[in-house]
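One structure is given below, encoded as structure tokens.
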Amino acid sequence: MSGGEVFSTGTGPDAWSDWDAPPWQAPRAYSLPLEFEAFYLVQSATYLDYAEIGLNDSGAAWELIHEVFLYILVTWDDMLVERDFMEAAWDVLRAAVAYEKRRMAKPSGSPSFFWKMTFGHAMVRSRVQLSREPDDLRQAIAQLPPRQFDVIVLKHFMERSREEIAWLLGIRPVTVDHHHRRARQQLSRTLGRPLLEDAATARTRPQRPRPTKETR
């Protein structure tokens, strides 16, 4: 797989229209590396057996294995530099099965494994991008602790509701409010000034034209 941006945190009213399709996974076609195809052919049956034992559900296991191999594919270049590639791949599988077991136990559901993992990549890249901005507020946002950073980006940059944020992060809406409040307090301390409500995204939102005499 060649280089280039794989994940994006682009905004938009339909960004979360499909809970199974992460908005930060850029829609593009991947040409499968021959090494990946060989890896899939050799390991898929073993991985499926492990998932079926862990989940006790062949249908759920098959869906999860698809997500595991898809995640390994989109991170293929990074996986190859691991000291022990096969052990790193098994770590992905073990993490996926453990996550799926917790997910199946939640009556309200939660993001799929691939959704969750690609979200993590998106947040890492967002933090790097914000840290390079000349704006002092955005640099301060990049220094926030992980949960506070996630909430600020999701709420102010992606314009997600507290319920959507709670669903994605696996926390209660009231906990989202807690992290948001703590993040704003931390930003105010870092900047040495009170933080306006939408200051974080003031430069990203289009300004509405002021009404003229003709339009009043």
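The values are calculated or read from the model by the stated rules, or taken from the named source; none is laboratory data. Computed from a prediction, not measured in an experiment: that's the story for all the values here. Positions of Cβ are generated from backbone atoms using ideal geometry, with glycine treated the same way; all protein chains shown enter the neighbour counts. Surface accessibility is based on the protein's heavy atoms, side chains included, excluding ligands, DNA and RNA. Shrake-Rupley method; radii C 1.70, N 1.55, O 1.52, S 1.80 Å.
Odds and ends about this structure:
- In the range 55-73, the residues that are closer than 15 Å to V92 by Cα and either of a type in the set (S, T, Y) or not in a helix (DSSP H, G or I) (or both): Y71
- Selection status of R181, free of Cβ contacts under 8 Å to residues at least 40 places away in the same chain, among the basic types (K, R) and closer than 20 Å to G120 by Cα: no
Conditions (1) under 30 Å from N56 (Cβ atoms); (2) touching a strand residue (DSSP E or B) at 6+ places or on another chain (Cβ under 9 Å); (3) not β-branched (V, I, T), marked per residue:
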position: L93; (1), (2), (3): yes, no, yes
position: R102; (1), (2), (3): yes, no, yes
position: P111; (1), (2), (3): yes, no, yes
position: A122; (1), (2), (3): no, yes, yes
position: L130; (1), (2), (3): no, no, yes
position: D135; (1), (2), (3): no, no, yes
position: Q139; (1), (2), (3): no, no, yes
position: Q143; (1), (2), (3): no, no, yes
position: Q148; (1), (2), (3): no, no, yes
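- Applying the criterion of being assigned to a helix (DSSP H, G or I) and acidic (D, E) to the residues of the range 135-161, the residue that is surrounded by the fewest Cβ atoms within 10 Å (Cβ to Cβ) is D136.
- Among residues of the range 162-198, those that are modelled with pLDDT of 95 or more, of a type in the set (A, V, I, L, M, F, W, C) and open to solvent by 70 Å² or more (accessible area, probe 1.4 Å), counted: 1
- Just one of (1) open to solvent by 70 Å² or more (accessible area, probe 1.4 Å); (2) more than 12 Å from the chain's Cα centre (by Cα); (3) within 20 Å of P111 (Cα to Cα) fails for R132. It is (3).
- A89 open to solvent by less than 80 Å² (accessible area, probe 1.4 Å), at pLDDT 95 or above and in contact with a Phe, Trp or Tyr (Cβ under 8 Å, 6 or more places away or on another chain): yes
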